[in-house]
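Let me begin by handing over the structure; questions about it come next.
The values are calculated or read from the model by the stated rules, or taken from the named source; none is laboratory data. Small disclaimer: the values here were computed from a predicted structure and weren't measured. Neighbour counts run over all protein chains shown; Cβ positions are idealised from the backbone, glycine included. The accessibility values were calculated without ligands, DNA or RNA, using every heavy atom of the protein model including side chains. Shrake-Rupley method; radii C 1.70, N 1.55, O 1.52, S 1.80 Å.
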Amino acid sequence: MNRFSHRTEFGVCVLKDFWGYGIGTNLLKESIFWADSSGIKKMTLLVLETNEKAINLYQKHGFEIEGILKKDKILSDGKFYNTIVMGRFHE
């Protein structure tokens, strides 16, 4: 068994024009279903600290904040932002 075979890192991204249609929620649910049915025990993702809507969605589906990558991103406004590391463990 590979020491990383139990885990996966993934991301969900929806264009702003399509926000509010449940696309992100459906992508997340399908990703969780795939991981659980494939024997994946640990899912991790990264999310920008200002994306509270996504953080809440991930928490609603069993993800927990595991850490912070400080000043990890610089955006078009020239400011630095933290990246939140989130994880979900499936027994």
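Of all accessible surface on the chain at a 1.4 Å probe, what whole percent is carbon and sulfur?
Result for the chain: 54 percent of the exposed heavy-atom area is carbon or sulfur.
Let me ask something else. Calculate how many DSSP beta bridges within the chain are antiparallel, expressed in % of all such bridges and rounded to the nearest 5.
Counting only bridges with both partners in the chain, antiparallel ones make up about 80 percent.
Moving on to the next point. Using a 1.4 angstrom probe, figure out how much accessible area the chain has per residue, in square angstrom, rounded to the nearest whole.
74 Å²
I'd like the per residue volume of the convex hull spanned by the Cα atoms of segment 2-42, given in cubic angstrom.
Each residue corresponds to 57 Å³ of Cα convex hull volume.
Identify all lysines with a Cα-Cα distance to Lys73 below 26 Å; exclude those on the same chain that are fewer than 8 residues away in sequence.
Partners within reach: Lys16, Lys42, Lys53, Lys60.
With runs of 4+ DSSP H residues as the only contributors, calculate the mean residue ellipticity of the chain at 222 nm using -39,500 (n - 2.57) per run, divided by the residue total and rounded to the nearest 500.
Mean residue ellipticity at 222 nm (helix-derived): -8000 deg cm²/dmol.
Over all alpha-carbon pairs in the chain, figure out the percentage whose distance exceeds 19 Å.
Across the chain, Cα pairs with separations above 19 Å total 44 percent.
What's the angle, to the nearest 10 degrees (0 to 90), between helix 23-37's Cα axis and the longest principal axis of the chain?
That works out to roughly 30 degrees.
Excluding Ala35 itself, calculate the net charge of residues whose Cβ lies under 10 Å from the Cβ of Ala35, where each Lys or Arg counts +1 and each Asp or Glu counts -1.
Result for the local shell: +2.
Restricting to Cα pairs below 8 Å that are 6+ residues apart, what does the relative contact order work out to for the chain? Please round to a whole percent.
Once divided by the residue count of the chain, the mean separation gives 29 percent.
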